[in-house]
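These notes concern the structure reproduced below.
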Amino acid sequence: MSIEKNLFGLLPNGKEVYIYTLKNNNGMEVKVSTYGGTIVSLLTSDKNGEFHDVVLGYDSLEGYLKGDKYFGALVGRFANRIQYGTFKLNDKEYKLATNNGPNHLHGGIKGFDKVLWNATLIEDKNNILQLSYLSVDGEEGYPGNLNVNVKYILTEDNSLELHYEATSDKDTIINLTNHSYFNLCGHSSGDVLNHKIMINADKFTVNDKYSIPTGEIRNVDGTPMDFRTLTPIGANINSDYEQITFGNGYDHNWVLNTTDSPLTKVAKAICEHTGISLDVYTTQPGVQFYTANFLDGSDIGKDNAIYNMRNAFCLETQYFPNSINCSNFKSPILKAGEKYDHKTIYKFSTI
Ligand code: GAL
């Protein structure tokens with residue numbers, strides 16, 4: 001395992017943005033930018049020993065400064081939507097920044113994907129990259145000074161582990177995730193409809209037409225949302241099932257089947273062409289499976305790739321979207337002085 005640091009570019013205010021390259025002894029390589037805690041590239045081996053970059057992104061910092069698709073980003077304070085950007089906590093009504101029609105999306109106008117993180121290397125046998133950020137009381141409308149640490153750990157079994165920790169000096173809400181867009185056939189290889197995916201969930205949260213969970217939890221059984229066994233992403237993606245038409249594809253939160261073990265295997269995805277397989281493990285209760293329905297070819301990505309609709313999929317592990325406004329969902333409240341502590345592992349192998 002090794003970590004290398006290089007300058008990625010300068011922010012308009014002149015501050016330096018660094019890119020850290022994590023490498024393991026098998027040649028797997030992950031690049032992380034201190035702007036937005038973004039995973040810029042992830043090289044992993046296919047079944048013939050050739051390496052592919054399996055995440056969408058930009059070649060330079062400028063792309064990330066202009067882009068609005070959250071490629072690879074560390075999302076916070078609150079992943080996904082909060083209806084009308086409002087919520088009640090301890091009898092007080094909070095009004096967050098709204099940046100998705102009348103709703104709050106992925107932390108607001110300047111979410112964690114658009115801030116500069118402070119990097120430190122924790123040199124032990126794993127060589128950990130830790131990104132830290134202090135989100136001040138009132139930022140984007142959220143209560144509490146929130147101290148966030150996210151560790152990026154690349155292991156010798158080809159796993160990228162993301163360990164999220166946070167504390168606040170006031171009661172607040174928090175929901176952190178990573179927004180990598182995966183394409184296991186290679187980032188520039190076109191649509192992911194032939195990828196097979198498994199999501200370990202018997203239920204999903206039903207959305208309204210603005211992609212906000214209504215509070216209803218529905219069985220996947222007999223619906224195009226059933227991914228309990230490996231199924232091609234494209235099998236039912238054009239179905240007229242109302243939930244799919246609302247999302248223009250998959251853009252929903254699945255209620256993960258949890259086990260006694262703190263880290264549950266919650267999803268698997270495979271590209272049979274490269275043989276690259278991804279297993280996702282998490283401590284979180286939900287995963288947003290999103291089939292890049294908002295990509296429209298306007299993003300020029302790495303190596304001049306043009307990213308079109310459904311050219312990738314995201315598996316964003318998290319508390320359920322809008323959970324602060326749905327009392328039957330697991331609560332995303334972080335009490336003052338308590339610790340938010342979640343892990344997600346993306347493990348790569350070949351078939
Ligand atoms: C997803 C979200 C989508 C879209 C996307 C970013 O997490 O579910 O609706 O907002 O992020 O373009």
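Quantify, in whole percent, the carbon and sulfur part of the accessible surface of the stretch 2-350 (1.4 Å probe; protein heavy atoms only). About 46 percent, which is the carbon plus sulfur part of the accessible surface. Remark on residue 317: its backbone amide H falls under 5 Å from those of 178, 288, a criterion applied only to residues 5 or more positions apart or on other chains, H modelled at 1.01 Å from N. For the chain, the Cys residues with no second cysteine's beta carbon closer than 4.7 Å are 314, 326. Of all aspartates and glutamates in the structure, the ones whose alpha carbon falls short of 18 Å from that of residue 95, not counting any fewer than 8 places away in one chain, are 137, 139, 140, 171. For the stretch 216-315, the list of chymotrypsin sites (Phe, Trp or Tyr not before Pro) that fall in a loop by DSSP and count at most 16 other C-beta atoms within 10 angstrom reads 241, 294.
Each Cα pair under 8 Å and six or more residues apart adds its sequence gap; the mean of these over the residue count of the chain is a relative contact order of 18 percent. In order along the stretch 320-327, phi translates into HN-Hα couplings of 5, x, 6, 4, 6, 9, 10, 5 Hz, rounded to whole numbers, per the Karplus curve 6.51 cos²θ - 1.76 cosθ + 1.60 with θ = phi - 60° and x for Gly and Pro. Restriction of the GluC sites (Glu not before Pro) in the stretch 24-132 to DSSP coil positions whose beta-carbon has at most 16 other beta-carbons within 10 angstrom yields 50, 123.
For the stretch 104-165, taking Cα atoms only, Rg and Dmax work out to 13.9, 41 Å respectively. Sequentially through the stretch 238-255, phi angles give Karplus couplings (6.51, -1.76, 1.60; θ = phi - 60°) of 9, 5, 8, 4, 3, 4, 6, 5, 4, x, 6, x, 8, 7, 9, 9, 9, 8 Hz, Gly and Pro residues having no value and appearing as x. Taking Cβ atoms as reference points and 14 Å as the exclusive limit, the residues near residue 259 contribute a net charge of -1, counting Lys and Arg as +1 and Asp and Glu as -1.
Summarising the amide proton neighbourhood of residue 174: residues at separation of 5 or more, or on other chains, whose placed amide H is nearer than 5 Å comprise 334.
Residue-wise HN-Hα couplings along the stretch 302-308, as the Karplus relation 6.51 cos²θ - 1.76 cosθ + 1.60 with θ = phi - 60° gives them from phi, are 4, 6, 6, 5, 9, 9, 9 Hz; Gly and Pro carry x. For the peptides 33-40, 11-18, residues were scored by their other Cβ atoms within 10 Å and the scores averaged per peptide; the highest-first order is 33-40, 11-18. Pairs of Lys residues in the stretch 165-305 are counted when their Cα atoms are under 28 angstrom apart and they lie 8 or more places apart or on different chains; the count is 8. Within the stretch 2-350, the proportion of Cα pairs with more than 35 Å between them is 16 percent. For residue 5, the accessible area of its heavy atoms, probed at 1.4 Å with every protein chain present, is near 110 square angstrom. Once you reduce the stretch 82-133 and the stretch 283-318 to the center of their Cα atoms, the two points are 19 Å from each other.
The values are calculated or read from the model by the stated rules, or taken from the named source; none is laboratory data. Only a predicted model underlies this, so the values are computations on that prediction, with no experimental measurement involved. Quick reminder, even Gly has a Cβ in these numbers, built from the backbone with ideal geometry, and neighbours come from all protein chains shown. With ligands, DNA and RNA removed, areas are computed over all heavy atoms of the protein, side chains included. Shrake-Rupley method; radii C 1.70, N 1.55, O 1.52, S 1.80 Å.
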